[in-house]
Amino acid sequence: MLNFFSQSQTTISTKPIFSTIIKRFASKEITFGNTARRSLLSGVNKLADAVQVTLGPRGRNVLIDQGYGSPKITKDGVTVARSINLSDRLENIGAQLVKSVASKTNDEAGDGTTTATVLAREIFREGCKGLVSGYNPMDIKRGINIAVKEVVKRISEMAKPVQGTQDIQQIATISANGDEEIGELIASAMDKVGEQGVITVQEGKTLKTELEFIEGMQFERGYISGYFITDPKKLSVELEDPFVMLVNSKISSFKSIQGVLEQVVQLRKPLLIIAEDVEGEALTTLILNKLNGVIKCCAVKAPGFGDRRKNMLEDIAVLTGGEVISEELGLSLENVQIGMFGTCKKAVITKEDCLILDGSGAKEEITERCDQIKNLMKETESNYEKEKLNERLAKLSGGVAVIKVGGASEVEVNEQKDRIEDALNATRAAVEEGVLPGGGVPLLLASKDLVKSVDFKNSDEKFGVLSIQNALSMPTKMIAKNAGESGEVVINKILEKDDYQFGFNARKLKFENLVENGVIDPLKVVKIALIDSSSVASMMITTEAAIYDAPEEKKMMPPMPPMGGMGGMGGMGGMGGMGGMGGMGGMM
């Protein structure tokens with residue numbers, strides 16, 4: 001019988017580990033008003049200067065020293081932002097605040113991090129000018145909020161829905177910095193699995209980036225505990241060739257899973273448990289054994305509730321070739337045999353989702369299960385039930401598209417993978433809310449006469465509106481600058497034309513109808529970038545004090561003591577008549 005770590009075996013000592021605990025508190029420094037904001041702005045400028053060079057189809061590369069292995073080469077704004085930590089602590093606070101807005105924009109919209117960074121810096125810089133002139137920071141903030149609301153309304157009216165594979169390909173190509181091959185891959189993947197289908201990006205084993213379709217299912221349930229994570233960078237659990245145990249009840253006691261663990265450990269395979277819930281002793285036992293390297297495992301709550309949960313578990317059982325362990329069927333955990341488990345080629349679990357790839361279920365049984373669901377859809381009159389049945393059918397039959405990223409080196413693969421993930425996220429955002437002309441044109445045109453179109457109470461709020469109006473031209477200006485053109489000339493020509501589809505195509509270096517030539521951006525990306533950037537800029541504008549750790553004083557080394565004289569040499573043994581040489585002390 002194998003020994004496992006269980007909750008009952010772990011005891012906590014009440015004796016203190018150390019007889020004396022010494023707490024060291026770092027001294028703090030406080031900086032106020034414009035002095036604090038100047039340092040914050042200096043940090044924001046340093047981060048934004050590094051990030052903004054990646055903006056647009058002719059954006060430049062940024063080289064990042066990772067401290068180990070090869071340096072990273074990237075044109076991904078959020079990757080650049082995340083790599084920056086400044087030595088000056090107050091400047092670093094400003095940089096970290098803008099870094100957080102880049103990450104938040106990336107999480108919410110999947111792209112637009114560079115635009116968000118550029119806008120945040122410009123709005124904050126404009127706001128600081130007003131504060132130096134004596135404007136009220138709270139009124140400036142209110143003016144910014146008024147302006148942002150109006151701009152979001154204006155750009156939303158310019159958006160059009162995504163129409164067909166060509167639009168999808170164009171969006172993906174632009175988000176991948178003009179890489180047409182990536183655009184084609186993403187368009188093909190979406191065409192195969194549907195706009196809401198599952199598409200994953202993995203590191204490949206060849207020089208070429210390839211698209212592969214495999215049977216799989218994804219459902220919205222993540223790992224129960226973060227202790228199961230196997231990839232700290234992605235905050236995900238990846239199990240290769242795992243057993244899949246499906247349980248239509250709660251698992252709470254150690255004894256109920258002891259036999260299961262013994263069988264799985266003997267075969268040295270990972271274990272994925274999908275159950276109504278896993279808690280108490282059972283959860284603690286799984287975590288302890290995972291942390292101690294006894295078994296690689298993960299516990300996930302089953303999707304749905306009641307009968308829907310039971311049906312979903314049965315769908316997963318068909319997909320993986322396993323059985324649902326249910327007391328209704330006379331099966332209990334204590335009597336489970338390894339043959340009741342399903343298997344799959346790979347399982348990837350994040351905080352929100354569980355993805356099962358290439359289950360070992362028989363194709364005939366999967367087809368039969370799909371036919372059963374189709375018949376149920378015909379029989380039911382409830383639109384809600386039809387919708388849920390259609391979701392089950394899509395999960396069971398849709399499959400998963402896997403983009404395997406190839407390259408000649410690890411650096412090349414990582415850079416390519418970043419661009420593909422950005423392009424995929426941006427494409428999904430476009431499908432969700434529609435698309436706009438690219439090149440920063442919607443923001444630029446939305447800024448036109450903005451101050452005349454909104455209501456404000458006083459000159460301080462007006463300054464907040466003007467801060468947004470002036471900042472909105474920066475994305476277009478930076479795209480032109482990175483392409484080697486004059487930003488002011490490009491901006492003036494677009495404003496003169498006053499056509500929201502007309503703009504500067506930085507890839508071709510000419511002015512044209514951007515929509516007709518496939519230069520488009522997702523509405524969601526542009527909107528989220530503006531909202532998030534204005535939010536963090538407003539927060540910094542209304543900051544009146546900054547508290548941070550004082551720099552540690554460098555301790556001076558004590559002076560070297562004066563060197564004494566050279567001691568006398570002792571007499572040599574056997575030469576008794578010869579005394580030692582006298583010391584040389586005192587000789588200069």
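A few remarks follow.
- Members of region 287-312 that are over 30 Å from Lys386 (Cβ atoms) and either β-branched (Val, Ile, Thr) or in contact (Cβ under 8 Å) with a residue 60 or more places away in the chain (or both): Ile287, Leu288, Asn289, Lys290, Leu291, Asn292, Val294, Ile295, Lys296, Cys297, Cys298, Ala299
- Picking from residues in region 256-270 that are in a helix (DSSP H, G or I) and not hydrophobic (A, V, I, L, M, F, W, C), the one that is nearest to Ser332 (Cα to Cα) is Ser256.
- Those residues of region 435-470 which are farther than 22 Å from Tyr135 by Cβ and among the aliphatic types (A, V, I, L, M), in sequence order: Val435, Leu436, Val441, Leu443, Leu444, Leu445, Ala446
- Selection count where residues are at pLDDT 95 or above and either in the same structural domain as Gly183 (by TED's automatic domain parsing) or not aliphatic (A, V, I, L, M) (or both), scope region 39-59: 7
- Of all residues making up region 481-527, the number that are surrounded by fewer than 21 Cβ atoms within 10 Å (Cβ to Cβ) and part of a helix (DSSP H, G or I): 11
- Members of region 99-142 found to be part of a loop (DSSP other than H, G, I, E, B) and under 14 Å from Lys527 (Cα atoms), listed by number: Gly110, Asp111, Gly112
- Residues of region 45-91 classified as in a helix (DSSP H, G or I), crowded, with 19+ Cβ neighbours inside 10 Å and within 21 Å of the chain's Cα centre (by Cα), total: 9
- Gly112 being at positive phi and not aromatic (Phe, Trp, Tyr): yes
- Residue list for region 320-335, restricted to those being charged (D, E, K, R) and either within 19 Å of Gln218 (Cα to Cα) or in contact with a Ser or Thr (Cβ under 7 Å, 6 or more places away or on another chain) (or both): Glu323, Glu327, Glu334
- Residue match in region 293-306 (condition: assigned to a helix (DSSP H, G or I) and touching a Cys at 6+ places or on another chain (Cβ under 7 Å)): no
- Taking residues in region 52-65 that are touching a residue at least 40 places away in the same chain (Cβ under 8 Å), and partners anywhere that are part of a strand (DSSP E or B), the pairs with Cβ atoms closer than 8 Å and at least 6 places apart or on different chains are Val53/Val62; Thr54/Val62; Thr54/Thr74.
- Evaluating Leu331 against the criteria (1) free of Cβ contacts under 8 Å to residues at least 12 places away in the same chain; (2) assigned to a helix (DSSP H, G or I); (3) of a type outside the set (Phe, Trp, Tyr) leaves one unmet condition, (2).
- From the list Val441, Val435, Val454, Val405, the lone residue that is at pLDDT 95 or above, under 30 Å from Val515 (Cα atoms) and either among the β-branched types (Val, Ile, Thr) or in the same structural domain as Val318 (by TED's automatic domain parsing) (or both) is Val441.
- Residue in region 110-123 that is in the same structural domain as Pro442 (by TED's automatic domain parsing), under 25 Å from the mean Cα position of the chain (by Cα), small (Gly, Ala, Ser) and surrounded by fewer than 18 Cβ atoms within 10 Å (Cβ to Cβ) present: no
Matching residues to (1) at pLDDT 95 or above; (2) in contact with a Gly (Cβ under 8 Å, 6 or more places away or on another chain):
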residue: Gly216; (1), (2): no, yes
residue: Phe219; (1), (2): no, no
residue: Phe254; (1), (2): no, no
residue: Gln258; (1), (2): no, no
residue: Ile274; (1), (2): yes, no
residue: Lys290; (1), (2): no, no
residue: Ile295; (1), (2): no, no
residue: Gly304; (1), (2): no, no
residue: Gly321; (1), (2): no, yes
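- Asn145 touching a Ser or Thr at 6+ places or on another chain (Cβ under 9 Å), part of a loop (DSSP other than H, G, I, E, B) and either modelled with pLDDT of 85 or more or at positive phi (or both): no
- Scanning region 363-422 for residues that are under 30 Å from Gly321 (Cα atoms), in contact with a strand residue (DSSP E or B) (Cβ under 6 Å, 6 or more places away or on another chain) and part of a helix (DSSP H, G or I) turns up just one, Lys395.
- Out of Leu246, Leu207, Leu286, sole residue that is in the same structural domain as Ala408 (by TED's automatic domain parsing) and either farther than 30 Å from Val411 by Cβ or out of contact with any helix residue (DSSP H, G or I) (no Cβ under 8 Å at 6 or more places or on another chain) (or both): Leu207
- Within region 455-476, residues that are crowded, with 21+ Cβ neighbours inside 10 Å reach partners that are assigned to a helix (DSSP H, G or I) and among the acidic types (Asp, Glu) with beta carbons closer than 7 Å, at six or more positions or on different chains, in the pairs Glu461/Asp139; Gly464/Asp139; Ser467/Glu126; Ala471/Glu122; Ala471/Glu126; Met474/Glu122.
The values are calculated or read from the model by the stated rules, or taken from the named source; none is laboratory data. Source: prediction; values computed, not measured. Cβ coordinates were reconstructed from backbone atoms using ideal geometry, including for glycine residues, and neighbour counts include every protein chain displayed.
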